[in-house]
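Everything below concerns the one structure shown next.
The values are calculated or read from the model by the stated rules, or taken from the named source; none is laboratory data. Computed from a predicted model, the values in this text were never measured in an experiment. A quick note on method: Cβ atoms are made from the backbone with ideal geometry, for glycine too, and the neighbour counts reach across all protein chains shown.
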Amino acid sequence: MDRSVPDSASLLTSIVRLTQEMRQCALDSEWESVQDKELQRQALIERCFPLDDSFANPAYAFETIREIIELDRSVMSMAAFTRETIEAGVSKIKLGRQATQAYTSVEIGG
């Protein structure tokens, strides 16, 4: 085996590490970093899958992939919550602007 090319287990380990980093960045609301790490992770996923038929430890692969999925769910949940929070804030700003415009038009026209 060519040691310059990472094996599937090494790639899976790197994918888990990047996914953990993505989760931490999401916890810190560093969404640009989440996106950057996702791009790096996607490149590794493309190299890793489909898994080599001769994967030495299928149980490790199963558990690692399960961990990646759980971490992804966590990051997606945080992203959805943040998006909803931002949307709610934007709605409040729009309502505030509408109220200001209504007040201004009544005052000026009044």
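Applying the condition of being within 23 Å of ALA9 (Cβ to Cβ) and acidic (Asp, Glu) to the range 21-52 and asking which residue is modelled with the lowest pLDDT yields ASP52. Screening the candidates GLU87, GLU70 for the property of being modelled with pLDDT of 95 or more, acidic (Asp, Glu) and in a helix (DSSP H, G or I) yields one hit, GLU70. Scanning the range 53-87 for residues that are under 15 Å from THR13 (Cα atoms) and basic (Lys, Arg) gives a single hit, ARG66. Whenever a residue of the range 34-47 is surrounded by fewer than 16 Cβ atoms within 10 Å (Cβ to Cβ) and of a type in the set (Lys, Arg), its partners that are outside any helix (DSSP H, G or I) and at pLDDT below 95, lying with C-beta atoms within less than 8 angstrom and at least six residues away or across chains, give the pairs ARG47/PRO6.
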